[in-house]
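Derivation of every value follows stated rules applied to the coordinates shown; laboratory data play no part. What you see is a predicted model; the values in this text were computed from it and never measured. Because the Cβ atoms are built from the backbone with ideal geometry, glycine has one as well, and the counts that use them run over all protein chains shown.
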Amino acid sequence: MNAKNRKTFNSIFHNPVKSGIPWKEIESLFTAFGGEVSEGRGSRVRVALNGVRAVFHRPHPQNVTDKGALLAVRRFLTTAGVKL
């Protein structure tokens, strides 16, 4: 995991919840932890990490996530047992 991934991880778990994290950085974080990212229909993205699966919607038309999506990513990472 590189410094950018660490920064993204810390931003996801920052309180209060931040918004505006680019989605590509979140996908990169999933991959850095050994997750499998695959395309679904439309804007869906499937992620499998440590036996836990989730489906997220890639933000559009902008490429930054909102607070609700970040809470879902945070919950997914916690359930998958990811820690720094």
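Annotations for the structure displayed:
- Around V45: net Lys/Arg minus Asp/Glu count, Cβ-Cβ under 12 Å: +3
- Histogrammed with a bin width of 10 Å, the alpha carbon distances of the chain distribute as 18, 58, 24, 1 percent, first bin at zero.
- Judged by the mean number of other Cβ atoms found within 10 Å, the most tightly packed of the peptides 2-8, 73-79 leads the ranking 73-79, 2-8.
- Per residue of the chain, the DSSP helices (runs of n ≥ 4 H) give a summed -39500 (n - 2.57) that works out to -12000 deg cm²/dmol at 222 nm.
- Global geometry of the range 17-59, whether rounded, prolate or oblate, following the gyration tensor of its Cα atoms and the 1.5 cut on a/c: oblate
- Within the range 1-78, DSSP assigns beta bridges of which about 100% are antiparallel (rounded to the nearest 5).
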